[in-house]
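Below is one structure, written out as structure tokens, with a few remarks after it.
The values are calculated or read from the model by the stated rules, or taken from the named source; none is laboratory data. Keep in mind that this is a model prediction, so the values were computed, not measured. Cβ placement follows ideal geometry from the backbone for every residue including glycine, while neighbour counts extend to all protein chains displayed. With ligands, DNA and RNA removed, areas are computed over all heavy atoms of the protein, side chains included. Shrake-Rupley method; radii C 1.70, N 1.55, O 1.52, S 1.80 Å.
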Amino acid sequence: MGRKKITVIGAGNVGASVAAYASAQELGDVVLVDILDGIPQGKGLDLFETTPVLGVDTSVVGTNDYKISQDSDVIIITAGIARKPGMSRDDLLATNVKIVGEVAEKAAFYSPGAIMIVVSNPLDAMVYTAWKKSQFEPRHIIGMAGVLDTARLRSFISEEIGVSVEDIHALVLGGHGDTMVPLTRYCFVGGIPVTNFISSERLEEIVQRTRQGGAEIVGLLKTGSAYYAPSASAVQMARSVLLDKKRLMPVAAYLDGEFSERGIFVGVPAILGSAGVEKVVEVDLTPQEMAAFGNSVAAVRELVKEVDRFL
Ligand code: APR
């Protein structure tokens, strides 16, 4: 069996970082595709020339030609327009539906057996767009949001209480946006409930910062949106798929009755393996959490209705 093959669509900040992390972790050969001439080729060559320094054997190739992506195991979609300051994720909708729809269709044509990971925003709408246009089985398409949202939450909690990020586990449900539902009840530090370390008032402030995590970075960068944590999160998902690790993480997955929802992609805990989303894990919710989740799902359904108008 040869090496695995990973295609990254979009060679911008997120895509190039995905290619860098995937190659550094020796996950497989990487193909970087973009509409711009020279950018994917240049970044691909630069990354390939990095491999001897890192001591990894992977090829990295940049191209404008989807044929080169043929027979990929994983496709990671990062193409689109990044959010500018003051712009909500939803402002991006019309433009990114067109871009993501087109690239998902082309990539799927050359790699019908791949698992697709979508990073482009607004996330929940883009996963749905990629599903419609690729015509992949829904469990072969996964949206990256929860890993990033929980990474933000975990880093803030770690900083607050002075415990390693490794020992902090968190769970976020719902859409990737203002309606996300951080489940603090399921947040543990070395197996101990987080409320043992931190007051619920302070925790609520940290949750609020997490909710605004994307906007905080946009506000600082001014010329674009976050890319290191988003790309590392997408690569962690790809790694679980490529190595069939069956890691349990919060992702935007297709619901077919789980959490009493059907026909929609939304953030839930799921097991990721070589078959994509192998299982959505249901958890007990309090009436309050259930209401927040319902509210988030309703917001995603509204967004999807908008997408259907553009498709
Ligand atoms: N086909 C291929 N690539 C495209 C297309 C297309 N039709 N349209 C745009 N692109 C490419 C751009 O040429 C650019 O290189 O997508 C890339 C986007 O890169 P950036 O502008 O640097 O944006 P980035 O920060 O990488 O974010 C990409 O990920 O996190 C999300 O919200 C973010 O939706 C955004 C996406």
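Contact list please: Cβ distance under 8 Å, first residue in the stretch 29-54 and more than 14 Å from Gly12 (Cβ to Cβ) and within 16 Å of the ligand (Cβ to nearest atom), second residue open to solvent by 60 Å² or more (accessible area, probe 1.4 Å) and assigned to a helix (DSSP H, G or I), pairs at least six apart or on different chains.
From residues that are more than 14 Å from Gly12 (Cβ to Cβ) and within 16 Å of the ligand (Cβ to nearest atom), the pairs are Val31/Ile68.
Looking at the stretch 121-131, which of its residues are within 11 Å of the ligand (Cβ to nearest atom) and open to solvent by less than 10 Å² (accessible area, probe 1.4 Å)?
Once the filter is applied, which keeps residues that are within 11 Å of the ligand (Cβ to nearest atom) and open to solvent by less than 10 Å² (accessible area, probe 1.4 Å), the stretch 121-131 yields Pro122, Leu123, Ala125, Met126.
Out of the residues in the stretch 17-28 meeting the condition of being touching a strand residue (DSSP E or B) at 6+ places or on another chain (Cβ under 8 Å) and away from the ligand (no atom under 13 Å from the Cβ), tell me which one is nearest to Val118 (Cα to Cα).
Here the answer is Ala22.
Which number in (1) within 9 Å of the ligand (Cβ to nearest atom); (2) surrounded by 22 or more Cβ atoms within 10 Å (Cβ to Cβ); (3) among the aliphatic types (A, V, I, L, M) marks the one condition that Met116 misses?
Single failed check for Met116: (1).
Condition first: in a loop (DSSP other than H, G, I, E, B) and closer than 14 Å to Lys5 by Cα. Now tell me which residues in the stretch 16-48 satisfy that.
Gln25, Glu26, Leu27, Gly28
For the stretch 140-148, check the following and say yes or no: at least one residue is over 13 Å from the mean Cα position of the chain (by Cα) and at pLDDT 95 or above.
There is at least one residue in the stretch 140-148 that is over 13 Å from the mean Cα position of the chain (by Cα) and at pLDDT 95 or above.
Quick one: which of Val14, Val8 is within 15 Å of the ligand (Cβ to nearest atom), at pLDDT 95 or above and open to solvent by less than 10 Å² (accessible area, probe 1.4 Å)?
Working: Val14 fails: open to solvent by less than 10 Å² (accessible area, probe 1.4 Å).
Within the list Val14, Val8, the selection yields Val8.
Among the candidates Asp244, Asp256, single out the residue that is over 21 Å from Ala22 (Cβ atoms) and either in contact (Cβ under 8 Å) with a residue 40 or more places away in the chain or more than 16 Å from the ligand (Cβ to nearest atom) (or both).
From the options Asp244, Asp256, the qualifying one is Asp256.
Suppose we filter Thr179, Thr150 for residues that are open to solvent by 40 Å² or more (accessible area, probe 1.4 Å) and either outside any loop (DSSP other than H, G, I, E, B) or outside the structural domain of Asp71 (by TED's automatic domain parsing) (or both); which single one remains?
Testing whether each residue is open to solvent by 40 Å² or more (accessible area, probe 1.4 Å) and either outside any loop (DSSP other than H, G, I, E, B) or outside the structural domain of Asp71 (by TED's automatic domain parsing) (or both) leaves just Thr179.
Hey, Asp244 hits all of (1) open to solvent by 30 Å² or more (accessible area, probe 1.4 Å); (2) over 20 Å from the mean Cα position of the chain (by Cα); (3) at positive phi but one; which does it fall short on?
(2)
Evaluate the stretch 64-86: report whether one residue or more is surrounded by fewer than 22 Cβ atoms within 10 Å (Cβ to Cβ), closer than 27 Å to Thr179 by Cα and of a type in the set (S, T, N, Q).
Within the stretch 64-86, none of the residues are surrounded by fewer than 22 Cβ atoms within 10 Å (Cβ to Cβ), closer than 27 Å to Thr179 by Cα and of a type in the set (S, T, N, Q).
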